[in-house]
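The values are calculated or read from the model by the stated rules, or taken from the named source; none is laboratory data. Treat the numbers as computed from the prediction; the structure is a model and nothing was measured. We place every Cβ from the backbone using ideal geometry, glycine too, and count neighbours over all the protein chains shown. The protein model used for the area step is the full one, side chains on, heavy atoms only, and it has no ligands, DNA or RNA in it. Shrake-Rupley method; radii C 1.70, N 1.55, O 1.52, S 1.80 Å.
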Amino acid sequence: MNDAPLELLTASKVKHAEQAAATELADGTYTLMERASQAVYDLLLARLADAGGFDVLCGPGNNGGDGYVVARLAAQAGLDVDVYALGQPKPHTDAARAFAAWDRPIRELAEWEPRAGRVVVDALFGSGISRDLEGNVLAAVSRANAAGSLVVAIDLPTGIEADTGQVLGAAFEAAITVSLFRYKPGHVMAPGRLHCGEVILRDIGMDARHLDQLQVDCRLNAPELWQHAYPWPSQSQHKYSRGHVGVFGGGPMTSGAARLSAMAAARAGAGAVTLLSPANALLLYAMHLTSVMVTRLEDRHELDEFLAKRHPQVFVLGPGFGAADKVRVFVADLLGADLAIRPNALVLDADGLTAFEGDPQQLFDLAEAFSGNGGTLVLTPHLGEFRRIFPDLEGSPLELARQAAERAKCVVLLKGSDTVIADPAGQTVINSAAPAWLATAGSGDVLSGIIASLLAQGMTALDAAGAATWLHAKAAEAFGPGLMAEDLPDQLPSVLRRLWRTRQDHLLKER
Ligand SMILES: NC(=O)C1=CN([C@@H]2O[C@H](COP(=O)(O)OP(=O)(O)OC[C@H]3O[C@@H](n4cnc5c(N)ncnc54)[C@H](O)[C@@H]3O)[C@@H](O)[C@H]2O)[C@@H](O)CC1
Ligand SMILES: [K+]
């Protein structure tokens, strides 16, 4: 998906864009159907011309309409095509027109059986799927998957919900999915993306202008989203103006997590990082850290002192921290209005989140007050932690993150193989398909440190979360097999170097 457009469109936004585009076309939305079908047909010809034939499975909606047009194009070219239909399109629709133009036999979908060598063109349902598969569709999907049929899906594999990537009952395991105009969340979020096979995006002559009216609120994560705001250092800065991050450390037996977070914050460019240690772990932290400073911090008084003397902008609280009661006190201190000097931002992760299990409202109230005072809070749960503070929320990861950000009135980053970042205004960014190597202890601690570092250097919460997630994934990709969390901070320089070079090339081009 390199260089692909980043906007992800829901089914209803696609419909709006289609309607807008259709007003400028002689034959309205039917022209779009013909273009979509032409794109699919061209792909079949380019990739699968030597197949033993094509079984086009057509549903009753416009996805089926696309199928009838593909079948006509293929038959006119002399290819061996059979059409199997589930019901008939409603009269006076584009699909009905496409159906009427198919003048060869149509069989019932119930009759379809996988046959060796034949390609299945899935035109049963696309973005209009609205309930679980059942009956003949379910049977066809099950038969195709069991037989390992080569399936080319139009728009989306039947069974995948466009807006969420959820499987509705069952879904084709496609080899190729042809997406039209823009990707939908279902193409980039598991389990949907795992059913798509190779996703090929085809332009159907719809202008990007039509996106302007749509208020797109969901995007794929990529440097294009945040590189304009990336805080590269300048000559005029000194170490503290490059951002100072304070990382709360846990006791001696769980000191690794905070150290990972602190190292990542330093590697991601913060000018200064201080590890805030309980008295009983000071020596341990001091022995294991070099450029990261270590300060004792046991209570509100010491926090006040640290803020007054060292002016850190951002804190990380949670990695390896333990003690839930202490978390709640520190979070109330940091987010409340009583400190002499208030920090700009807090990244709350791991134990910092689970401490609020049982009374998450306390956290949300503090968050609201903090953001009311101009503060920035970022929550970075994985799904388990998420369930503890948002136990009643339901839906796909995309829906979960969105609802949580609205409720907590802060940026919520829901970690997973597809990470979703949502802000309270409803903007979402999806970091799709993180390298599997990242599923290792401590990798989340590294992520929270990178986010804090970028916040301390002046990025907004959504940009910092997006950039950090991207850097984190690229660092894992660069290291590859054998990755441990402590390898991640050390990979950041090479990832940043590449990002820096891209920016230099870009600036040169602009001159
Ligand atoms: N810009 C675009 O993206 C374009 C989209 N087009 C096509 O139009 C499709 C969307 O068309 P529609 O909105 O008509 O939606 P679909 O064709 O995906 O499906 C809608 C129909 O299926 C029925 N249905 C939904 N779920 C069902 C289930 N589980 N069991 C049985 N019936 C079910 C609905 O009642 C409705 O009749 C896209 O996926 C794409 O293939 C193209 O024709 C033109 C351009
Ligand atoms: K389909």
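Some notes on this structure:
- D94 vs. criteria in contact with a Ser or Thr (Cβ under 6 Å, 6 or more places away or on another chain) and open to solvent by less than 30 Å² (accessible area, probe 1.4 Å): no
- Selection status of S277, at pLDDT below 95 and either among the small types (G, A, S) or over 29 Å from V495 (Cβ atoms) (or both): no
- Restricting attention to the range 293-323 and to residues that are in a helix (DSSP H, G or I) and touching an Asp or Glu at 6+ places or on another chain (Cβ under 7 Å), the residue that is nearest to S277 (Cα to Cα) turns out to be L303.
- Across the range 110-147, the qualifying residues are those that are more than 13 Å from ligand 2 (Cβ to nearest atom), under 36 Å from the mean Cα position of the chain (by Cα) and among the hydrophobic types (A, V, I, L, M, F, W, C), and the one among them that is farthest from V56 (Cα to Cα) is A146.
- Residue list for the range 186-212, restricted to those being at pLDDT 95 or above, over 17 Å from R35 (Cβ atoms) and within 14 Å of ligand 1 (Cβ to nearest atom): G186, H187, G192, C196, V199
- Within the range 127-156, being within 11 Å of ligand 1 (Cβ to nearest atom) and either open to solvent by less than 30 Å² (accessible area, probe 1.4 Å) or touching a His at 6+ places or on another chain (Cβ under 7 Å) (or both) holds for I129, L133, V137, V141, A153, I154, D155, L156.
Residue-wise test of (1) in the same structural domain as L454 (by the TED database); (2) of a type in the set (K, R); (3) touching a residue at least 24 places away in the same chain (Cβ under 8 Å); (4) more than 25 Å from Y230 (Cβ to Cβ).
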residue	(1), (2), (3), (4)
A258	yes, no, yes, yes
S261	yes, no, yes, no
L275	yes, no, yes, yes
A279	yes, no, no, yes
Y285	yes, no, yes, yes
H301	yes, no, no, yes
H311	yes, no, yes, no
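- Test: residue in the range 201-209 that is within 19 Å of T10 (Cβ to Cβ) and under 20 Å from the mean Cα position of the chain (by Cα): yes
- Test: L124 is modelled with pLDDT of 95 or more, closer than 15 Å to S179 by Cα and either away from ligand 1 (no atom under 11 Å from the Cβ) or open to solvent by less than 10 Å² (accessible area, probe 1.4 Å) (or both): yes
- Exclusive hit being surrounded by 22 or more Cβ atoms within 10 Å (Cβ to Cβ) and in contact with a Lys or Arg (Cβ under 7 Å, 6 or more places away or on another chain), set A422, A476: A422
- Of the residues A208, A175, the single one that is surrounded by fewer than 20 Cβ atoms within 10 Å (Cβ to Cβ), farther than 27 Å from A21 by Cα and aliphatic (A, V, I, L, M) is A175.
- Residues in the range 60-78 that are buried (at least 18 other Cβ atoms within 10 Å of the Cβ) and either of a type in the set (A, V, I, L, M, F, W, C) or more than 16 Å from ligand 2 (Cβ to nearest atom) (or both): V69, V70, A71, R72, L73, A74, A75.
- Count of residues meeting criterion [assigned to a helix (DSSP H, G or I), hydrophobic (A, V, I, L, M, F, W, C) and in contact with a strand residue (DSSP E or B) (Cβ under 9 Å, 6 or more places away or on another chain)] in the range 33-68: 6
- Taken residue by residue, the range 450-464 has at least one member that is within 17 Å of the chain's Cα centre (by Cα), buried (at least 22 other Cβ atoms within 10 Å of the Cβ) and under 13 Å from A270 (Cβ atoms).
- Among the residues making up the range 345-391, those that are assigned to a loop (DSSP other than H, G, I, E, B) and either open to solvent by 10 Å² or more (accessible area, probe 1.4 Å) or among the β-branched types (V, I, T) (or both) are A350, E357, G358, D359, N373, G374, G375, T380, P391.
Per-residue answers, yes or no, for (1) outside the structural domain of L214 (by the TED database); (2) in contact with a Gly (Cβ under 8 Å, 6 or more places away or on another chain); (3) within 15 Å of ligand 1 (Cβ to nearest atom):
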site	(1), (2), (3)
L6	yes, no, no
A22	no, yes, yes
V40	no, no, yes
G53	no, yes, no
D66	no, yes, yes
E111	no, no, no
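- Residue check for H16: more than 16 Å from ligand 2 (Cβ to nearest atom), closer than 25 Å to G165 by Cα and surrounded by fewer than 18 Cβ atoms within 10 Å (Cβ to Cβ): yes
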